[in-house]
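J.: I have a structure here, written as structure tokens, and I will follow up with some questions on it.
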Amino acid sequence: MRRLLPLGRLARPSLFAALALAVSFTAQAAVITVDSGTDDGVGCTLREAVEAANTNTAVGGCAAGDNVNDEIQFSVGAVTLTGGQLYLSEDLIVTGPVTLTATPGQRIVRVGPASSVSFSGVTFVGGRGNGGALAITAATTVTVTGGAFNQNNAPLSGGAIYLSATGTLTIDGTSFTDNQARGDAANQGGGAIYTNGGGLTVQNATFTNNRALGTSGSGGAILSPNGASLNIQASTFTNNRSERAGGAIETVGGATMVTGGSFVGNTAGTNPGNGGAIHGGGTANVTVTDAAATGNRASEGGAYWISASGTLSLFGVTVTGNIAEGASADQGGGGVYVDGGVLNVDSGTGDSVFSGNRASGASGSGGAILVNGGSATVFSTTFEQNRSQRAGGAVEVTAPGEGETVLTAFVGSTFTQNVTGTAPGNGGAIHTTQGVITLQVLDASVSNNEAGNEGGGLWINGGTTLLLRDSNLLSNAARGAAGGGGLFVNGGEATVLRTTLSGNRTFGQGSAGGGVHLADGTATLDQTLLLSNSSDLGGGLAVREDASATVQNSTLYDNSARLGGGVVSLSGAISFDSATIASNSASLAGGGLYNQNTQNAGTPFVTFTNSIVADNSATNGANLSGRYGSGGWNVIGTTPTAATFPATGTDQTGTDPMLDALADNG
């Protein structure tokens with residue numbers, strides 16, 4: 001008799017096969033094809049397809065959905081809804097191309113508790129609601145690929161899309177056009193997208209003519225008021241507008257990263273109107289890399305604005321033709337406004353460039369950048385043809401609050417053809433205000449800048465500590481009555497080290513200091529060359545009453561003036577040590593130096609030690625005019641009277657030092 005095998009042994013292979021078949025069958029997603037462009041129940045409508053996917057049952061003319069990743073496809077190119085919004089509660093893939101037009105006055109799609117929903121090639125038109133086209137109200141991961149969001153609007157926030165605090169949204173290759181949000185509060189807006197804290201990634205997208213229209217609406221294209229993480233790549237923002245802040249993007253707290261792409265013609269209105277392209281509020285940490293900002297407008301920060309607790313980092317950016325229209329002296333920053341926060345600028349794929357930006361208000365300051373009580377570190381950046389009305393053709397730095405000190409440093413940067421106007425018009429390239437500021441300009445080129453009044457290159461105020469090192473100030477001009485063609489020091493402390501000031505000039509009778517004008521404070525010029533500068537008074541250097549200068553290991557050569565071709569002292573104290581003053585000229589007096597001061601209680605205002613004054617020319621006093629003191633070991637090319645120069649036993653007067661033409665002798 002044949003023996004029967006145990007049931008378990010016989011059934012096991014068949015059981016495994018059955019289980020595998022069941023698993024394979026369960027994993028198969030249903031494909032539901034919409035063949036009706038209406039919402040009236042004829043054929044398989046989109047509304048019925050969504051219900052079939054949500055319930056896993058056949059609905060109307062639509063096949064049943066399944067448990068996993070159902071997909072809705074279309075055999076029609078457009079669907080017009082008439083029955084209100086669609087609600088997606090299960091995982092779903094919606095694949096176009098298709099255009100979805102909203103029920104009048106209604107949102108198009110709301111996404112509920114599903115874990116994953118994606119849209120590909122879907123265009124959303126005419127939806128209304130907070131998230132007029134798409135509201136993500138749960139912890140759902142949503143992906144939008146291609147397609148478009150056009151003419152959707154929100155009564156408060158998120159004209160096209162609303163993203164909850166727990167949701168996640170990724171957008172790739174999608175366009176957003178003419179969407180609007182109308183909320184009046186500062187934390188409302190987002191003409192295209194509003195995120196309430198959910199993470200947002202945008203790549204290869206375009207945002208055009210989106211609006212945050214409310215009285216204080218923010219974020220013409222994107223608003224993130226609650227610390228969301230934003231990652232925006234290779235996307236363009238054009239002609240978006242907000243009334244309060246962030247013509248394109250407003251972000252408060254959180255980290256925002258922008259890589260590539262452009263911001264063109266975006267505007268923040270006048271309430272108050274900050275950050276034409278991006279406004280960073282609260283503790284926002286905003287990083288922009290290899291992106292261009294062109295022709296954006298705001299009251300403050302034509303392109304970018306960062307708050308007191310925020311950080312803005314710009315790497316390899318181009319900031320061109322942006323305008324800050326604020327009229328007050330503390331408004332402006334045609335390219336960037338730093339409201340007490342931190343600014344970092346450096347190279348990316350290429351160096352950063354600020355060109356043709358303007359602070360156009362009546363007293364607007366900082367044509368490219370206004371640092372208002374904050375700090376800035378700028379490397380390898382070009383500032384070209386920027387303009388302000390009041391001060392700082394390229395950069396304005398204002399002092400922080402009492403007891404605070406900030407550092408602003410420019411390293412390896414170029415300032416050229418920047419201009420400040422005549423209101424009053426100080427600091428063609430850089431200007432600082434009264435207060436405690438540390439300013440460092442290192443390895444920089446400052447050339448062909450112009451001030452309507454004082455300081456064609458740089459202008460510093462009382463309280464500023466300036467280190468100008470290893471730099472060139474060339475062919476800058478100050479057009480006002482005071483002067484300071486290259487550098488104007490109105491107080492504080494300036495150290496000029498291993499720097500050349502050449503071809504700088506002032507205009508008008510009484511203007512002083514073609515190279516450097518020291519009106520107040522102190523200055524040390526060390527290993528510095530003042531060459532071919534010109535002014536009415538003091539072609540190379542002018543020092544006024546209550547100011548003092550130390551010039552050591554330095555050369556003044558081929559400078560020219562009416563009085564004091566090389567140097568003029570206008571009741572200011574100057575000490576020369578190991579200095580050479582040669583080949584300067586004055587049309588009237590003091591070819592080398594002109595000192596208008598008499599002896600002060602027996603103490604001369606101007607003294608020389610171990611210095612050469614020779615080969616200068618003037619109608620009166622070829623080398624020296626006025627009275628001077630000697631610390632010994634000097635060579636004077638002519639023989640001045642004892643009243644002019646009381647020589648010591650180590651001084652040589654009437655001696656030709658046999659100077660050759662100026663050259664770099666190492």
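The values are calculated or read from the model by the stated rules, or taken from the named source; none is laboratory data. Bear in mind that the values here come from a model prediction, so they are computed numbers and not experimental data. No Cβ is skipped: glycine too gets one built from the backbone with ideal geometry, and neighbour counts run over all protein chains shown. Protein only, heavy atoms only, side chains kept; ligands, DNA and RNA dropped before computing areas. Shrake-Rupley method; radii C 1.70, N 1.55, O 1.52, S 1.80 Å.
J.: Considering only segment 304-334, state which residues are farther than 22 Å from Gly282 by Cα and either of a type in the set (A, V, I, L, M) or in a loop (DSSP other than H, G, I, E, B) (or both).
T.: Of everything in segment 304-334, those that are farther than 22 Å from Gly282 by Cα and either of a type in the set (A, V, I, L, M) or in a loop (DSSP other than H, G, I, E, B) (or both) turn out to be Gly316, Val317, Val319, Gly321, Asn322, Ile323, Glu325, Ala327, Ser328, Ala329.
J.: Report whether or not Ala298 is among the small types (Gly, Ala, Ser), at pLDDT 95 or above and buried (at least 24 other Cβ atoms within 10 Å of the Cβ).
T.: Yes, satisfied.
J.: Filter segment 266-285 for residues that are more than 13 Å from the chain's Cα centre (by Cα), open to solvent by 10 Å² or more (accessible area, probe 1.4 Å) and within 12 Å of Ala298 (Cβ to Cβ) and give the result.
T.: Correct list: Thr267, Thr270, Asn271, Pro272.
J.: Could you tell me which numbered condition Leu570 fails, if it satisfies all but one of (1) among the aliphatic types (A, V, I, L, M); (2) at pLDDT below 95; (3) open to solvent by less than 10 Å² (accessible area, probe 1.4 Å)?
T.: (3)
J.: Filter segment 504-533 down to the residues that are of a type in the set (Val, Ile, Thr), part of a strand (DSSP E or B) and buried (at least 23 other Cβ atoms within 10 Å of the Cβ) and list them by number.
T.: Thr506, Val516
J.: Out of segment 422-439, which residues are part of a loop (DSSP other than H, G, I, E, B), open to solvent by less than 10 Å² (accessible area, probe 1.4 Å) and not hydrophobic (A, V, I, L, M, F, W, C)?
T.: The answer is Gly425, Gly427, Gly428.
J.: Would you say Ala53 is open to solvent by 40 Å² or more (accessible area, probe 1.4 Å), closer than 26 Å to Ala148 by Cβ and aliphatic (A, V, I, L, M)?
T.: No.
Conditions (1) over 40 Å from the mean Cα position of the chain (by Cα); (2) open to solvent by less than 20 Å² (accessible area, probe 1.4 Å); (3) small (Gly, Ala, Ser); (4) closer than 20 Å to Ala29 by Cβ, marked per residue:
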site: Asp70; (1), (2), (3), (4): yes, yes, no, yes
site: Val76; (1), (2), (3), (4): yes, no, no, no
site: Thr80; (1), (2), (3), (4): yes, no, no, no
site: Leu88; (1), (2), (3), (4): yes, yes, no, yes
site: Asp91; (1), (2), (3), (4): yes, no, no, yes
site: Val117; (1), (2), (3), (4): no, yes, no, yes
site: Val122; (1), (2), (3), (4): no, yes, no, yes
site: Gly131; (1), (2), (3), (4): no, yes, yes, no
site: Ala135; (1), (2), (3), (4): no, yes, yes, no
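J.: Before we move on, is Ser571 among the small types (Gly, Ala, Ser) and more than 20 Å from Leu468 (Cβ to Cβ)?
T.: yes
J.: Quick check on Ser235: is it more than 12 Å from Ala284 (Cβ to Cβ) and either open to solvent by less than 10 Å² (accessible area, probe 1.4 Å) or under 16 Å from the mean Cα position of the chain (by Cα) (or both)?
T.: yes
Conditions (1) surrounded by 20 or more Cβ atoms within 10 Å (Cβ to Cβ); (2) modelled with pLDDT of 95 or more; (3) among the aromatic types (Phe, Trp, Tyr); (4) farther than 18 Å from Val109 by Cα, marked per residue:
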| position | (1), (2), (3), (4) |
| --- | --- |
| Leu169 | yes, yes, no, no |
| Gly191 | yes, yes, no, no |
| Tyr194 | yes, yes, yes, no |
| Asn210 | yes, yes, no, yes |
| Gly220 | yes, yes, no, yes |
| Ser242 | yes, yes, no, yes |
| Thr251 | yes, yes, no, yes |
| Gly254 | yes, yes, no, yes |
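J.: So which pairs qualify, if the first residue must be in segment 309-328 and over 16 Å from Gly260 (Cβ atoms) and modelled with pLDDT of 95 or more, the second must be of a type in the set (Asp, Glu) and part of a strand (DSSP E or B), the Cβ gap must be under 8 Å, and the two must be at least 6 apart or on different chains?
T.: Ala324/Glu300; Gly326/Glu300
J.: Restricting to segment 335-375, name every residue that is open to solvent by 10 Å² or more (accessible area, probe 1.4 Å) and part of a loop (DSSP other than H, G, I, E, B).
T.: Asp339, Gly340, Ser347, Gly348, Thr349, Gly350, Asp351, Gly356, Ser360, Ala362, Ser363, Gly373
J.: Considering only segment 151-166, state which residues are without any contact (Cβ under 8 Å) to a residue 40 or more places away in the chain and over 15 Å from Gly219 (Cα atoms).
T.: Across segment 151-166, the qualifying residues are Gln151, Ser164, Thr166.
J.: Additional query: Among the numbered conditions (1) modelled with pLDDT under 95; (2) under 25 Å from Ala133 (Cα atoms); (3) open to solvent by 50 Å² or more (accessible area, probe 1.4 Å), tell me where Gly41 comes up short.
T.: So the condition that Gly41 fails would be (3).
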